[in-house]
1. Taking the Cα centre of the chain as origin, work out the dipole magnitude from +1 charges on Lys and Arg Cβ and -1 charges on Asp and Glu Cβ, in debye rounded to 20.
2. Once each part is reduced to its C-alpha centroid, what is the distance from region 62-87 to region 241-268 in angstrom?
3. Test of the criteria: in region 1-83, which chymotrypsin sites (Phe, Trp or Tyr not before Pro) are in a DSSP loop and have at most 10 other Cβ atoms within 10 angstrom of their Cβ?
4. Among Arg206, Arg113, Arg89, determine the one that fluctuates most according to a GNM of the chain built with springs between C-alpha atoms less than 10 Å apart.
5. Just to verify a number: FRET efficiency for Asp88 and Ala362, C-beta to C-beta distance, R0 = 30 Å, to 0.05?
6. Taking 7 Å along the Cα-to-C-beta vector as the label spot, tell me the Thr20-Ala48 distance in nanometres, rounded to one decimal.
7. Over the alpha-carbon set of region 145-302, divide Rg by the Kirkwood Rh and report the Rg/Rh ratio to two decimals.
8. Which FRET efficiency value, to the nearest 0.05, do you get for Ser119 and Lys174 by plugging their Cβ-Cβ distance into 1/(1 + (r/R0)^6) with R0 = 41 Å?
Amino acid sequence: MNNSRETMLEAAQAFLIKGTIESCEPYGSGHINLTYRLVCREKGQEYAYILQQMNQEVFKDIKGLMSNVKGVTSFLRRQIIENHGDPDRETLNLVPTRDGQDYYTDSLGHCWRMYLFISQATCYNLVEDPKDFYQSGKAFGRFQCLLADYPADELHETIPDFHNTPARYETFEKAVREDVMGRAGQVAEEIQFIRERKEDMGLALRLKEEGRLPVRVSHNDTKLNNIMIDDATGQALCIIDLDTIMPGFSIFDYGDSIRFGANTAQEDETDLSKVSLSLPLFEVYTKGFLEGSQGRLTRTETELLPYGAKMMTLECGMRFLTDYLQGDVYFHTSREGHNLDRCRTQLALVADIERKWADLAAIVQKYQC
Ligand code: ADP
Ligand code: GN1
Ligand code: MG
């Protein structure tokens, strides 16, 4: 899966980096792009960068994608400067290529981009301190407020129907029917679990059509490891992974964070007895998200927050199972059955969300503005 050293170095040299390259190693735990940490040195001073080969199977329109990233990061940079923040750490910063472009296409046709590396900050795969999760809720709530003034018509839809759950369901059923890897027989229970919840999937789109659920410029991939927490202050520092910023629903941005961060286990845990929805974590995130949203969410949006959490978890479980059935062609995997393990944690979490439904509604009501 990883590139050869020559390919990485060719790509790294195409950008306006400072000094000479010391190292370039795979980095982070994203499921989509190939990410490297590049370290350079000049006159004893170290300069670090994130070098990414973008996933062209997933993102068909790299030009549109990069125009979104450039537009959104420049917009955020201006706001951070106005608020006397640190624009090099509080937003992603693209490093241009030597010929002034936002990304580089190598001799094999692969597309690369580079960001300044944000140091002394961490992306977590599991909540270690509930305060971090509260911070992350506040930051994602605020992020959507900041983007409220972003010209939505300038955004390219990088993945059409990204959180269209009924469309995802159709793709899942097709994968079951085609069963190209001959795996459907061993996952009958999971298939059944998803089918039993088919009727729940269309609610958000129906409400949108009735004019009852607003479409907002959203991040669309708000998991905990897409936000950097400052090691020194414990504050949410920077929201990263801007590849899926598109029009979407606030309840899905909220829900995707709950799916990942309020789970007591990691997304790919194999011991399902460790998987549950933590009510204390659900509560701190909800408090943070509603505070960060500064009263902008409508009553319907607020009431639908638990639904957003359930739907993002179910949709993600369905996507992992679809990928397992199709032969692991979308998400990066690092072991046999990885996508199936991920699917199982998500479905176990859906079941726990359903068991705790009344508690979730009560928590949301407690913090409703
Ligand atoms: P993917 O789409 O594959 O998830 P991300 O853009 O989220 O890719 O990057 C993968 C990981 O790389 C992140 O979870 C984070 O740990 C790290 N990362 C990305 N950008 C930066 C940055 N500018 N500074 C430091 N770490 C970063
Ligand atoms: C992917 O890119 P990353 O790893 O942050 C995926 C999300 C899924 C998530 C599951 C573009 O996120 O939609 O929810 O994996 N991103 C894309 O962990 O498909
Ligand atoms: Mg990511």
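We did not get these values from a lab; they are worked out from the coordinates using the rules stated. Everything numeric here is computed off the predicted structure, so don't read it as measured data. All Cβ positions, glycine included, derive from the backbone under ideal geometry; neighbour counts span all protein chains shown.
1. Values: 41 positive and 57 negative charges, 108 e Å.
Roughly 520 debye, rounded to the nearest 20.
2. First find each Cα centre; the distance between them is then 21 Å.
3. Values: sites: Phe15, Tyr27, Tyr36, Tyr47, Tyr49, Phe59, Phe75; in loops: Tyr27, Phe59.
Passing sites in region 1-83 do not exist.
4. Arg206
5. Computed FRET efficiency for Asp88 and Ala362 comes out at 0.10.
6. Label at Thr20, label at Ala48, 2.2 nm between them.
7. On the way: Rg = 17.7 Å, Rh = 18.0 Å.
Checking Rg against Rh, the ratio lands at 0.98.
8. On the way: r = 44 Å, r/R0 = 1.08.
So the FRET efficiency works out to roughly 0.40.
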